[in-house]
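J.: This is the structure I have questions about; it appears just below.
The values are calculated or read from the model by the stated rules, or taken from the named source; none is laboratory data. Not measured: the values here are computed from a predicted model. Counting neighbours? That spans all protein chains shown, and the Cβs are built from the backbone with ideal geometry, glycine included.
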Amino acid sequence: MSEQFKLDKEFVEELKQFVSAGNETAIYDCVNLLHPADIAEILDIVNLEEAKFIYRRLDEEIASEVLVELEEDVREMFMKALSAKEIAESIDHMDSDDAADIISELSVEKQEQVFSEIEDKDQADSIAALMAFEEDTAGAWMATEFIVVKDTWNAGQCISEMRKQAEDVSYVYTIYVTDKEETLIGMFSLKSLLFASDDTLVKDLYMTDVKSVKATDNIEEVGSIMKKYDLVAIPVVDEEKKLLGRITIDDIVDVLEDEAAKDYQMASGISEKVESSDSIWTISRARLPWLLVGLLGGVLGAKVIGLFEHQLGTFPEMAFFIPLIAAMGGNVGVQSSAIIVQSLANNTLDMGTTYSKLAKEFGVSLINGLACSVIIFFVIWGLMSDLRLGMTVSLSLIAVILFAGLFGTLVPLVLSKRKIDPALATGPFITTMNDVVGLLIYFLIGYVIYF
């Protein structure tokens, strides 16, 4: 049913009627067989009181999955309406990484209340330990539920022990092997265990070439490693290589989505992550810094034009192409910086030096600049029959495109080396700088040709 489910207005209206009538049986029949993501979508549409009524009629395990599937802003509002006991009951059925994420969104006071309501104190300790890691580290994203066996066991012992461990593990991707010191020494697949005889030793099954990450590693770097080696799960260890947990591919997908959304907003001139449901003040605060940068750029651009006021007074036709020069510089700068930022984010940038990258961009910009300048020269010559204006605009266009391409390439590389998010280099920053410099180049070349 969940695979074919499509949320429509009629279904929502019918569900609302069941809520109004207090028909718990009908609500249970309607939603408990749905996928948790579908139920989360329903709770997002109905009002808060209706959402609470529906949520409290869900089976405990389904309710916990629904809480994880809710959008962050919806979940934040929803959890404020739930008691600490209700949240704790859902936490009992979650993986430790999801539980840590959920609890971390609560106020400090409510966190303490929820922890006091969690019946499994070992689980509470594991969640608290995960919350102690910095937000963007592997430790904060790992789950402490995994299958682990000892290197001294045989296949029969492994299967027996795994039956006990599997109760708390949603999906078994790999089986980790540790020594008596709990140090990670290898891993093997469930398939290899199924084909092994009971007396086969673990040491004859596992591979020692294990890709692992430290709990303090940046989560984006973890994502890059998993993408590069096509991993569905990766173990997390401490400085002594003791096994702490694992990160699965579904978490990395969330990381990549969050990072893509953040970079897109930053490239659009939004300085912090915001949602459409955030307050007017929050959204305004996120947008204002780069608007001020653009405002400053506009003032500087006006100052540049003012410096050449006499030139414009004598040759007013130059004013016609001010928007063209500014727009082309901004477009080229954003293009070049976007390619570099994307390559940096995906770790696909080759190992060449900064000079080689600048040389390559110079070649690309030169080809594009020559093509555009030739076209604009003949357009001006055909429309206005003005040789000097055609030369001024076409030469300026080449120079502006070259500068914008090199500047758009250099800035994200410099920011990356300084450990600053290179996404800052795209959008308003590049556009504003190229506008100002482009106008300066245009008027200087015009001055040389006309005077």
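J.: So for the stretch 50-57 (the condition being over 28 Å from the mean Cα position of the chain (by Cα), surrounded by fewer than 18 Cβ atoms within 10 Å (Cβ to Cβ) and among the hydroxyl-bearing types (Ser, Thr, Tyr)), does at least one residue qualify?
T.: No, the stretch 50-57 has no match at all.
J.: Select the helices (runs of 4 or more DSSP H) contained entirely in the stretch 1-110, then report the ones holding at least 3 residues which are within 30 Å of Ala233 (Cα to Cα).
T.: Output list reads 36-45, 60-69, 72-80, 84-91, 96-104.
J.: Please tell me if Gly390 is touching a helix residue (DSSP H, G or I) at 6+ places or on another chain (Cβ under 8 Å) and either in the same structural domain as Gly333 (by TED's automatic domain parsing) or among the charged types (D, E, K, R) (or both).
T.: Details: touching a helix residue (DSSP H, G or I) at 6+ places or on another chain (Cβ under 8 Å): yes; either in the same structural domain as Gly333 (by TED's automatic domain parsing) or among the charged types (D, E, K, R) (or both): yes.
Yes, satisfied.
J.: Looking at this structure, is Asp217 within 19 Å of the chain's Cα centre (by Cα), surrounded by 14 or more Cβ atoms within 10 Å (Cβ to Cβ), at pLDDT 90 or above and not β-branched (Val, Ile, Thr)?
T.: Yes, satisfied.
J.: Return a yes/no flag: does the stretch 278-295 have any residue that is modelled with pLDDT of 85 or more, farther than 30 Å from Ser224 by Cβ and not assigned by TED's automatic domain parsing to the domain that holds Leu231.
T.: Yes, the stretch 278-295 contains at least one residue that is modelled with pLDDT of 85 or more, farther than 30 Å from Ser224 by Cβ and not assigned by TED's automatic domain parsing to the domain that holds Leu231.
J.: Which residue out of Ala124, Ala81, Ala128, Ala88 is in contact with a helix residue (DSSP H, G or I) (Cβ under 6 Å, 6 or more places away or on another chain), farther than 30 Å from Leu201 by Cα, without any contact (Cβ under 8 Å) to a residue 40 or more places away in the chain and surrounded by fewer than 16 Cβ atoms within 10 Å (Cβ to Cβ)?
T.: Values: Ala124 fails: surrounded by fewer than 16 Cβ atoms within 10 Å (Cβ to Cβ); Ala128 fails: in contact with a helix residue (DSSP H, G or I) (Cβ under 6 Å, 6 or more places away or on another chain); Ala88 fails: surrounded by fewer than 16 Cβ atoms within 10 Å (Cβ to Cβ).
Every option except Ala81 fails the conditions.
J.: Looking only at the stretch 111-124, count every residue that is of a type outside the set (A, V, I, L, M, F, W, C) and not in a helix (DSSP H, G or I) and tell me the total. First the steps, then the outcome.
T.: Here is the first cut: in the stretch 111-124, the ones of a type outside the set (A, V, I, L, M, F, W, C) are 111-113, 116-117, 119-123.
Now narrow it down to the ones that are not in a helix (DSSP H, G or I): 119-120.
Residues in the stretch 111-124 being of a type outside the set (A, V, I, L, M, F, W, C) and not in a helix (DSSP H, G or I): 2 in total.
J.: OK, next. Working carefully through the options Val169, Val236, find the one that is in contact with a helix residue (DSSP H, G or I) (Cβ under 8 Å, 6 or more places away or on another chain) and either within 20 Å of Ala100 (Cβ to Cβ) or surrounded by 13 or more Cβ atoms within 10 Å (Cβ to Cβ) (or both). Break it down stepwise before answering.
T.: Values: Val169 fails: in contact with a helix residue (DSSP H, G or I) (Cβ under 8 Å, 6 or more places away or on another chain).
Result: Val236 is the single residue among Val169, Val236 that is in contact with a helix residue (DSSP H, G or I) (Cβ under 8 Å, 6 or more places away or on another chain) and either within 20 Å of Ala100 (Cβ to Cβ) or surrounded by 13 or more Cβ atoms within 10 Å (Cβ to Cβ) (or both).
J.: Could you say which residue among Ala399, Ala359 is farther than 19 Å from Pro316 by Cβ, surrounded by fewer than 16 Cβ atoms within 10 Å (Cβ to Cβ) and not acidic (Asp, Glu)?
T.: Details: Ala399 fails: surrounded by fewer than 16 Cβ atoms within 10 Å (Cβ to Cβ).
Just a single option satisfies the conditions, and that option is Ala359.
J.: When only residues in the stretch 384-418 that are assigned to a helix (DSSP H, G or I), among the small types (Gly, Ala, Ser) and more than 30 Å from the chain's Cα centre (by Cα) count, which is nearest to Ile339 (Cα to Cα)?
T.: Ala399
J.: For residues that are buried (at least 18 other Cβ atoms within 10 Å of the Cβ) and among the small types (Gly, Ala, Ser), scanning just the stretch 142-166, find the one that is farthest from the chain's Cα centre (by Cα).
T.: Here the answer is Ala155.
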